[in-house]
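The values are calculated or read from the model by the stated rules, or taken from the named source; none is laboratory data. Because the structure is predicted, anything quoted here is derived from the model rather than measured. Here the Cβ positions follow ideal geometry from the backbone for every residue, glycine too, while neighbour counts run over all protein chains shown.
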Amino acid sequence: MQKLIASVVSRLVISVPYLWMLIFFLIPFIIVFKISLSQVTMAIPPYTPTIDVWAGWQGLINSVSQFSWDNYTFLGSDPLYVKAYLSSVIIAAISTFLTLLVGYPIAYGMARAPATVRSTLLMLVILPFWTSFLIRVYAWIGILKPEGLLNQFLLWANVIHTPLNILNTNTAVLIGIVYSYLPFLVLPIYSTLEKMDYSLVEAAEDLGCPPITAFWKITFPLSLPGVVAGCFLVFIPAVGEFVIPDLLGGSETLMIGKTLWNEFSANRDWPLSSAVAVVLLALLVVPIVLFQRSEAKAQESEK
Amino acid sequence: MNTTWSRFNIVSLVIGFAFLYLPIVLLVVFSFNESRLVTVWAGFSTKWYVSLFNNKSFIDAAWVTIRVGLISATFATILGTLGALALTRYTRFRGRMLFSAMIYAPLVMPEVITGLSLLLLFVAIGFDRGIWTVTLAHITFTMCFVAVVVQSRLVTFDRSLEEAAMDLGATPVTTFFKVTLPVIMPAVVSGWMLAFTLSLDDLVISSFTSGPGATTLPMRIYSQVRLGVTPEINAACTILIAVVAVGVVIASIANKRREVQKARDEQAAARH
């Protein structure tokens, strides 16, 4: 009896979240793929063919025979989309690198701090992460505007004589990404650095190794798992970012998340925006799998 | 790690935290500005808060947001905790790889993809878009965050406690509620809070999956921001920041208290 209950319970524990994720995460992707093979029409829903489950097997074959790769050929032939994909990846890569440059010293400083301040510092890094993304991006508009606070300050300090145009450029997008994603990068690096055995560095320094060499030969390689996890956490969502390029970027900013949104809401071309999403996912599938592997490995090693 | 805190460490921390906090502080300060201009200080005033509370569309959006947040965070916590149990307790079952992928992928998935795919699902099954579709979407992406938070607590959990309870005749369900759940409770609570704030903050997934009459606060703020920056938005943002900050501080104080209590209990137990 006990055994039976245990097996029913374990089935339930596994199957309830499993089914939920199948229905609301995996099946939607299959639908996106299906619609990306359809054509746009003026109807509700605005695509054709629609699969009618009641039409039976013949109906299904009829709809499937109308599927085409036209949307994908269109994406490949229109330089606008190719450029948008490329510039999204480039902007995401540059901002990931910049986030690492800003974030690593913070994580390092936190790990080296006295144990009594460490938990406070940790909370200070986490707190902005709890604050709305939209609000944090919005805050930069007031700072970067031509008559904004940064220009007021620089003019007052006599560093510049004419206001800088930063808002609505790619620079503003980079600043926005670095700012919004910073905690995602600091936290994993901090947790690897905190666990590190610092006596290794001391040993190296005792043997005459200069501190900078000791850092590159010991500390940095040991913190690499955190660096890799943090970079994935910044890079993958940044490629598909919509809010930041939309609010801080300008006409020169081509990012695929914004293109997808426009295609969907302004042009109401659902099949084309589905194709955009499928290609974006195909670009990101390798980093996502690598990220999932490294996370699962980290969880296993905790045991 | 040995603590030799160099000047370099302190300087990088000061610059880093200034970068993290200055924009938020400026945003809050200018919500109390007398002038309509957000960037020129003209004196202290709370008039933007008054006009915010008289703005019906903001108040309605706030109610929608709170309802969606409470319902979705609760369901996400239940489903996420079950997911974490499935991942840590059952190391072999068919499709475990796929399950673990479905839990981790939403953490990094660009929101435009998740939003679009959920919308197309709701359209395909003929589900009218509104407050319920937003809630379902929020449950789906926040439960993965809950699962990861709870999982990290479960992997360090001492299984022998559960075995002892079962040896003494407790059923698996009783064991879970009497032994496991109390131990992992702090993680479950912080998972709930994380799910609630993620739901409170979400713009992109909500915009895709919402319908008439289900405008959330971030959607309201976003459409206002596109028209221009006003102190009223600063006031709305300040209130949201304050709500979240108070919640986080209360939770961490409660956590600290519990730890102190636990240490005291252990000391008392050791003395006897």
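Residues in the stretch A:139-150 that are at the interface with chain B (Cβ under 7 Å from one of its Cβ atoms) and touching a helix residue (DSSP H, G or I) at 6+ places or on another chain (Cβ under 9 Å): A:Ala139, A:Trp140, A:Ile141, A:Gly142, A:Ile143, A:Lys145, A:Gly148, A:Leu149.
Residue by residue, here is whether (1) touching a Leu at 6+ places or on another chain (Cβ under 8 Å); (2) on the phi > 0 side of the Ramachandran plot; (3) at the interface with chain B (Cβ under 10 Å from one of its Cβ atoms) holds:
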site	(1), (2), (3)
A:Val137	yes, no, yes
A:Phe153	no, no, no
A:Ile160	yes, no, no
A:Asn170	no, no, no
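Filter the stretch A:265-292 down to the residues that are more than 9 Å from chain B (Cβ to nearest Cβ) and within 26 Å of B:Ala84 (Cβ to Cβ), then identify the one that is surrounded by the most Cβ atoms within 10 Å (Cβ to Cβ). Filtering first and then ranking leaves A:Leu290.
Residues are listed down the side, and each one gets a yes or a no for (1) in contact with a Ser or Thr (Cβ under 7 Å, 6 or more places away or on another chain); (2) more than 9 Å from every other protein chain (Cβ to nearest Cβ); (3) under 30 Å from A:Pro237 (Cα atoms); (4) not basic (Lys, Arg):
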site	(1), (2), (3), (4)
B:Phe8	no, no, no, yes
B:Tyr49	no, yes, no, yes
B:Leu52	no, yes, no, yes
B:Phe58	no, yes, yes, yes
B:Ile66	no, yes, yes, yes
B:Leu82	no, no, yes, yes
B:Thr88	no, no, yes, yes
B:Met109	no, no, yes, yes
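Checked against the criterion of being more than 10 Å from chain B (Cβ to nearest Cβ), surrounded by 22 or more Cβ atoms within 10 Å (Cβ to Cβ) and among the β-branched types (Val, Ile, Thr), the stretch A:98-114 has at least one qualifying residue. Within the stretch B:210-269, being in a loop (DSSP other than H, G, I, E, B) and either in contact (Cβ under 8 Å) with a residue 12 or more places away in the chain or more than 10 Å from chain A (Cβ to nearest Cβ) (or both) holds for B:Ser210, B:Gly211, B:Pro212, B:Gly213, B:Ala214, B:Thr215, B:Thr216, B:Val229, B:Thr230.
This table checks each residue for (1) modelled with pLDDT under 85; (2) part of a loop (DSSP other than H, G, I, E, B); (3) closer than 15 Å to B:Thr238 by Cα; (4) touching a strand residue (DSSP E or B) at 6+ places or on another chain (Cβ under 9 Å).
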residue	(1), (2), (3), (4)
B:Ser31	no, no, yes, no
B:Leu37	yes, yes, no, no
B:Ala61	no, no, no, no
B:Ile66	no, no, no, no
B:Ala73	no, no, no, no
B:Ala76	no, no, no, no
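Scan the stretch A:248-264 and tell me whether some residue there is touching a strand residue (DSSP E or B) at 6+ places or on another chain (Cβ under 8 Å), more than 8 Å from chain B (Cβ to nearest Cβ) and surrounded by fewer than 23 Cβ atoms within 10 Å (Cβ to Cβ). Checked the stretch A:248-264: no residue is touching a strand residue (DSSP E or B) at 6+ places or on another chain (Cβ under 8 Å), more than 8 Å from chain B (Cβ to nearest Cβ) and surrounded by fewer than 23 Cβ atoms within 10 Å (Cβ to Cβ). Of all residues in the stretch B:109-161, exactly one satisfies the criterion of being aromatic (Phe, Trp, Tyr), part of a loop (DSSP other than H, G, I, E, B) and under 20 Å from A:Lys34 (Cβ atoms), namely B:Phe127.
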